[in-house]
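Everything on this sheet refers to the single structure shown next.
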């Protein structure tokens, strides 16, 4: 391996990347992930071959806790996917919540792809008095969670506030559902805090090149673009940056020669470059240095002109300015402001 494989790109899922990196560490072949965010993967003793260009969940979870405090949400419930990603986020949020003086009243995990498990977890939360719920899930499980919450009248109801992490493309999800209009109403008012993966200064060029790539595939290879009608996936820029960072590290290792003790893995540690996702630096444990990462506070709201579910950025966060607000969220109802929020 170490003479024929320089690095492994991926995976998106934390559950896959961790196990994969254990296997590749035998050959000192790094796994460079663009989407695995679980906190457990920050342990370089357990996962010496794992590195990532996406920020770990610890930062985002801390920001959600800070946001809850700013909104005076002092009692919350936690509903999370039972895998390294979901469990890791739950731990990160619990630590941050305690630091911010927020009580996690109830916490329940669910098995991905298991509607009965989802119903049981939502049922348990519904029995409590919490009205602010933090959800950690991936898109395939959202329908089951919404169905379970709808039974208890927890959606489209002023007074309930929902945060979500790990869920992407709300309009795409709604449009492909059996009842798009209902799904849009169910998700209207939800909040998410996520890193701004594609820097605004380069976004136009990146999207233009993406369209050229789709055209090339159609012209030469007859491959239809998977997202011709949609936007670029959130992790696309991370994937782009990860490839270039790993290629540069591998090239340096080859240029140094075998006798110099320079490998792709050692070349990645402490590497720095200017990428589409901003200034990219990897720490010694393989995590991305998050000091240059900016986060967006996104509110799902139905666009009155199109009827579609828009993901509106209502504020941003960075390490220098903290939270900077553009406008207040539209909560379920829709109700503007905090009047009906506990």
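The table below gives the values:
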quantity	calculated
Spatial separation of Cα centroids for the stretch 240-299 and the stretch 109-178, in angstrom	36
Gain in span if fully extended, residue 234 to residue 254, counting 0.36 nm per residue against the direct Cα distance	4.0 nm
Base-10 log of normalised Debye intensity for the stretch 58-195 (one unit scatterer per alpha-carbon) at q = 0.10, 0.13, 0.15, 0.18 Å⁻¹	-0.29, -0.50, -0.67, -1.00
Kirkwood hydrodynamic radius of the chain, Cα pairs, Å	21.3
The stretch 159-204 - convex hull of the alpha-carbon atoms, volume per residue in Å³	103
Solvent-free Debye scattering, log10 I(q)/I(0), computed from the Cα coordinates of the stretch 45-94 at q = 0.21, 0.22, 0.31 Å⁻¹	-0.83, -0.89, -1.22
Max mean-square fluctuation residue, GNM over the chain, Cα-Cα springs under 10 Å, options 46, 245, 127	127
On Cα atoms only, tilt of 139-151 relative to the major axis of the chain in degrees	10
Gaussian network model of the chain, springs between alpha carbon atoms under 10 Å - residue of 16, 132, 32 with greatest fluctuation	16
Whole-percent pair-distance distribution, where bins are 10 Å wide, for the alpha carbons of the stretch 115-193	18, 58, 24, 1
Residue 82 paired with residue 124, simple spin-label distance in nm, labels 7 Å along Cα-to-beta-carbon	0.9
Rounded to 10°, Cα long-axis angle of helix 200-216 versus longest principal axis of the chain	70
Cα-derived Rg to Rh of the stretch 1-77, Kirkwood definition	1.17
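Here, each number is a calculation from the coordinates, and none is a lab measurement. Quantities reported herein were computed from a predicted structural model and do not represent experimental measurements. Positions of Cβ are backbone-derived with ideal geometry, glycine not excepted, and every protein chain shown enters the neighbour counts.
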